[in-house]
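Heads up, the thing below is written out as structure tokens.
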Amino acid sequence: MKLLILDAGHCLSLALVRASSRRSDTQLVIQPSNRVTRETLEELEPDALIIPPLSRPFSVPPAAVGEHADAVTACMEACGEAGVPLVWCVSDQLYEDGHVSPIDEHVVPAPRDEGLRRLVEVGDRIRAELPHHLIVRLGPLFALEGSHAWLSELVDTLVAGGMVRAEADVILCPTSADSVAMALIGMLHQQASGADAWGSYHLAGVEPVSAYTFVSNVRTQLSTCLEGRGQDIALGEVKALSHHHDQPLRRVLNCRRVLDVFGVHQKPWRLEVGRMLDLWCRAQEDDSTTDEPTDEGKSPA
């Protein structure tokens, strides 16, 4: 199976590269751009086009949201003309006001923000015009590398001694980019084998938590990891923010459909964070070993 991935530096694109490298049945073509033309699709003949998400549309300028919407629209039109299935990953932040109970796939977001409404309109067009599409709504992505890689941003700030501020009253489901990559490849292989289960799906990590709890857990696991390797680093602090004084805003995705249709299980974010931080600490040790002078490089006594 050949997949065309846009936005080469995105954390999900990098995760897809890692996931495909462990398989012999998946070929990736990566493009740095966030757009593709019909001519390119007809030349490459991919089995699907994957567009990584604008992970935190709340945190970017409105112009960036509009540009992303324009790019996805252009890709949708190109896919329609070339007959290529489209996979568009979107942020759970489109559910701007959240919901008291887990949000099902059939619930179309209805945000008040103009930029978010633009993204919803793009999704409406995809559902109306492209029969072969997957719209995959994701919990907040985290990874160690790439753009939109929440975890790497947290680690860099904490190791530098900076303070991290996070909402204590926004409940979400942190989601490993690696787990999403494995799920997407598995879903598309099933589609190629005749599953014919196109539509909208939710994919998020296990265990809803506040953003503050997630960041605090990252700090605790990072501290434990560093101490276990004999590294004494004074990490920055985590400060709780509160914006919803009456009751917490819950943005929890119900992922039952992706389990029922494709057999995709949610990954526990705590285990994924621990695995990634262990990799990060090992990488730091390797860098330190590389930087140490060899016997040949030492000055004679």
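The values are calculated or read from the model by the stated rules, or taken from the named source; none is laboratory data. This one's a predicted model, so the numbers in the text were calculated from it and none came from an experiment. FYI the Cβ positions are ideal-geometry reconstructions off the backbone, even for glycines, and counts take in every protein chain you see. Each accessible area value is taken on the protein alone, full model and side chains, heavy atoms only, with ligands, DNA and RNA left out. Shrake-Rupley method; radii C 1.70, N 1.55, O 1.52, S 1.80 Å.
Of Lys2, Lys239, the order by accessible heavy-atom surface (1.4 Å probe, DNA, RNA and ligands excluded), from most exposed downward, is Lys239, Lys2. Remark: the Val17-Glu207 segment gains 65.7 nm on full extension, using 0.36 nm per residue and subtracting the alpha carbon distance. When +1 charges are put on Lys and Arg Cβ atoms and -1 charges on Asp and Glu Cβ atoms, the dipole computed for the chain relative to its Cα centre reaches about 660 debye.
Gln266 sits among other residues whose Cβ lies under 11 Å from its own Cβ, and their net charge, with Lys and Arg +1 and Asp and Glu -1, is 0. For the pair Ser24 and Ser193, a Förster radius of 22 Å applied to the C-beta separation gives a FRET efficiency near 0.85, rounded to the nearest 0.05.
Every Cα-Cα pair in region 134-275 was counted, and those over 19 Å apart are 56% of them. Entry for the chain at q = 0.08, 0.09, 0.13 Å⁻¹: log10 I(q)/I(0) = -0.38, -0.47, -0.93, Debye formula applied to identical alpha-carbon scatterers, no solvent contribution.
Figure note: Glu285, Glu114, Glu39 ranked by solvent-accessible area, largest first, 1.4 Å probe, ligands and nucleic acids not counted: Glu114, Glu39, Glu285.
With R₀ set to 41 Å, the beta-carbon distance separating Arg256 from Lys2 gives a calculated FRET efficiency near 0.85. Between Thr37 and Glu114, residue separation times 0.36 nm minus the direct Cα-Cα distance comes to 25.0 nm.
Largest GNM mean-square fluctuation across Ala143, Ala63, Ala211, computed for the chain with C-alpha springs under 10 Å, falls on Ala63. Spatial offset of region 163-221 relative to region 40-98 amounts to 18 Å, using the alpha carbon center of each. In this simple spin-label model, placing a label point 7 Å from the Cα along the Cα-to-Cβ direction at both Arg125 and Asp47 gives a separation of 2.8 nm.
Computed about the Cα centre, the dipole magnitude for region 71-200 is approximately 100 debye when only Lys and Arg (+1) and Asp and Glu (-1) carry charge, each at its Cβ.
For the pair Gln221 and Arg275 in one chain, pulling the backbone fully straight at 0.36 nm per residue adds 18.4 nm over the alpha carbon distance.
Loop-resident trypsin sites (Lys or Arg not before Pro) (DSSP state other than H, G, I, E or B) in region 26-120 with no more than 10 further Cβ atoms inside 10 Å of their Cβ: Arg112. Remark: accessible surface ordering of His106, His202 (largest first) is His106, His202, probe radius 1.4 Å.
Each Cα pair under 8 Å and six or more residues apart adds its sequence gap; the mean of these over the residue count of the chain is a relative contact order of 20 percent. Using a Gaussian network model on the chain with a 10 Å cutoff between Cα atoms, which of Pro111, Pro268, Pro32 fluctuates the most? In the Gaussian network model the winner is Pro32.
With R₀ set to 45 Å, the beta-carbon distance separating Asp70 from Glu237 gives a calculated FRET efficiency near 0.65. All other residues whose Cβ lies under 12 angstrom from that of Leu14 are scored, Lys and Arg at +1 and Asp and Glu at -1, for a net of -2. A simple spin-label model places pseudo-atoms 7 Å from Cα toward Cβ; at His106 and Met163 they are separated by 4.7 nm.
When the alpha carbon gyration tensor of region 25-82 is reduced to an equivalent ellipsoid, the three semi-axes, largest first, read 24, 14, 8 Å.
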